1. Within 20 Å of A:TYR30 (Cβ to Cβ) and in contact with a helix residue (DSSP H, G or I) (Cβ under 8 Å, 6 or more places away or on another chain): is that true of A:THR408 in this structure?
2. Only one of (1) surrounded by fewer than 16 Cβ atoms within 10 Å (Cβ to Cβ); (2) of a type outside the set (Ser, Thr, Tyr); (3) more than 14 Å from chain A (Cβ to nearest Cβ) fails for B:ALA116. Which number is that?
3. Give the residue that is nearest to A:PRO319 (Cα to Cα), with candidates limited to residues of region A:376-400 that are aliphatic (A, V, I, L, M) and within 12 Å of chain B (Cβ to nearest Cβ).
4. Looking at (1) touching a strand residue (DSSP E or B) at 6+ places or on another chain (Cβ under 6 Å); (2) within 12 Å of chain B (Cβ to nearest Cβ), which is the one condition that is false for A:SER403?
5. Might you check whether a residue that is assigned to a loop (DSSP other than H, G, I, E, B), within 14 Å of chain A (Cβ to nearest Cβ) and more than 13 Å from the chain's Cα centre (by Cα) occurs anywhere in region B:138-150?
6. Just name the residue that is nearest to A:VAL396 (Cα to Cα) out of those in region A:359-375 that are at the interface with another protein chain (Cβ under 7 Å from one of its Cβ atoms) and part of a loop (DSSP other than H, G, I, E, B).
7. Restricting attention to region B:11-31, does a residue exist that is farther than 30 Å from A:GLN26 by Cβ, touching a Ser or Thr at 6+ places or on another chain (Cβ under 7 Å) and buried (at least 23 other Cβ atoms within 10 Å of the Cβ)?
Amino acid sequence: MDVVITTSAALDPTVLRLDFPILDQQVNGYPLAYLDSGATAQRPRSVLDAERTFLETVNSAVHRGAHTLAALSTEAFEDARETVARFIGAAVPEEVVWTSNATDGLNLVAYGVLNASLGRGGADARRFALQPGDEILVTEAEHHANLVPWQEVAASTGAVLRYVPVDDRGVWSLDDARPLITARTRILAFAHVSNVTGLVAPVADLVELAHAQGALVVLDACQSAPHRPLDLTALGVDFAAFSSHKMLGPSGIGVLWGREELLNALPPFRTGGSMISTVTMESSTFLPAPQRFEAGTQPVSQAIGLAEAVRYLERAGMPGVEAHEELLAERLVVGLEAIEGIRVFGPAAGIPRAGLASFDVAGVHAHDVGQYLDAQGIAVRVGHHCAQPLHRRLGVAATTRASTYLYTTDDEVDRLLAGVAEVRGYFGVDSAASSAGRD
Amino acid sequence: MGDALAGLYQQVILDHARARTGDRALEGADAEHYERNPTCGDEITVRVILEPGSDRIRELAWQGDGCSISMASASVLADLAPGLTLAELAERTDAFRAMMRSRGVGEPDEDLLGDAVAFQGVSKFMMRVKCAMLSWVAAEACSTQLAVRS
């Protein structure tokens, strides 16, 4: 008998699942099928243990104090930074700035740019300063976290916020972006992977176009850092932000990565303790990155937990995680598109996408879809997924989103597909709305 | 699966979500209010016409977009409201709100609420209570406008 091996990096979710206590439970009388990792991922026991062990043995304030536990805490905290730096291809650990989450990291960049535009940061910061008529370019598919801060910066500086439009599936391409990247473009900000459509952006090509015009590239890596190998230095972007809780780590901590010379030139957004060099009653000077951005007490045990999450992902193997989720995504999209009355957004079946799919069920509101699935123990996200402009463009108020991770099984995807196939019948719309014209 | 879901989606609710009462524009309304639930994007505009020279509701109509719970609730409200004075509507709104906060405990007053008692099961689903309240809150705002005017 021939043995067919589909991929050398094959990963077995049924084995990995044993590390995630929360996944082993019944919800509404059914085994939990957790298909909401795009919102927040579950944590393996090793992450929970790492945080607990740290808190039970060495917990102390970092970067201050002369006692043994303070030294051990500081060491663990900075080791965590090194671990994350290695995972994302940072040139040096100092390029890793702890934030509260990705939203916080994106705000750090946006408000640093605003402060530079107001003249703060001296000559070094002038490269970030925006003038009226300068352009900030985003896409129509952005999460509000990578849109609203730029709206605020534009409104405060007189810069113009422009966007790359999407098509009827919520997809955009390099060709759509190319004509919009001009000499006026100063900042290009976009999601590496869309949290609604699963579209993977052509990062390297966009970086080349943006840098040729002297624009900075800010990457929202929330849906990529947890799910695929990431080398930010090789990608060539200037800043990138992501959250710990979407990559098996604790909530309350995130990462902003930036090229070292840029971080050291960007004026801080939050000021106060721990980030200063000299303070007089009149003014202050700031420490180099990362400390200049880490004012106040830091989420120390969360950093320890995140580092363990990173080690867990490294042990699982990121190429394998990516391959596993690509197969799940294909199963999801092919399955959904085969169901009458279902409109799937994002790249069509056959085109690679991240492990998530958002869809509309004709005649049934997403909240009702989510409720129906929950009654079968299937957890999905419903709503606008913090992307109102995209949903407005797609002509739907809300969608249902299923998202996967390394612990997701084919069986869970199949249960979702079976559940979705029943929804329109339950709400009595199987024939009524399926042929209704939609824009 | 039946029990959890059947408690929420009573047949009355499913019927009203499909065949909706009062789902239309209303010319010459005496009051109008737009209400939105930003977490799910549900939205509704409720309009009210009073009997001439009185505070008795002649018509309550609405236009909106949302889940079956919010749409069915608006439909039930549009059935219930005509013929009531603003004070009588306020009494029913208070009773409906109390029922939605009950977490399924107690016996709602069917004489007062009519078909709206079907929503008692929704009160056990905390995340859906706002859906059921949407049109009632909008109608309450219409009443406030009318009370200020009179």
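The values are calculated or read from the model by the stated rules, or taken from the named source; none is laboratory data. Owing to the predicted nature of the structure, the values given are computational and were not obtained by experimental measurement. Using ideal geometry, Cβ is built from the backbone for each residue, glycine included, and neighbour counts are taken over all protein chains shown.
1. Yes.
2. (1)
3. Among those that are aliphatic (A, V, I, L, M) and within 12 Å of chain B (Cβ to nearest Cβ), it is A:ILE378.
4. (2)
5. No, every residue in region B:138-150 fails to be assigned to a loop (DSSP other than H, G, I, E, B), within 14 Å of chain A (Cβ to nearest Cβ) and more than 13 Å from the chain's Cα centre (by Cα).
6. Top of the filtered list is A:HIS365.
7. Scanning region B:11-31, I find at least one residue that is farther than 30 Å from A:GLN26 by Cβ, touching a Ser or Thr at 6+ places or on another chain (Cβ under 7 Å) and buried (at least 23 other Cβ atoms within 10 Å of the Cβ), so the answer is yes.
For every residue, the table says whether it meets (1) assigned to a loop (DSSP other than H, G, I, E, B); (2) under 24 Å from A:ALA76 (Cα atoms); (3) assigned by TED's automatic domain parsing to the domain that holds A:LEU130; (4) more than 21 Å from the chain's Cα centre (by Cα).
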| position | (1), (2), (3), (4) |
| --- | --- |
| A:LEU248 | yes, yes, yes, no |
| A:LEU263 | no, yes, yes, no |
| A:THR278 | no, no, yes, yes |
| A:PRO288 | yes, yes, yes, yes |
| A:VAL310 | no, yes, yes, no |
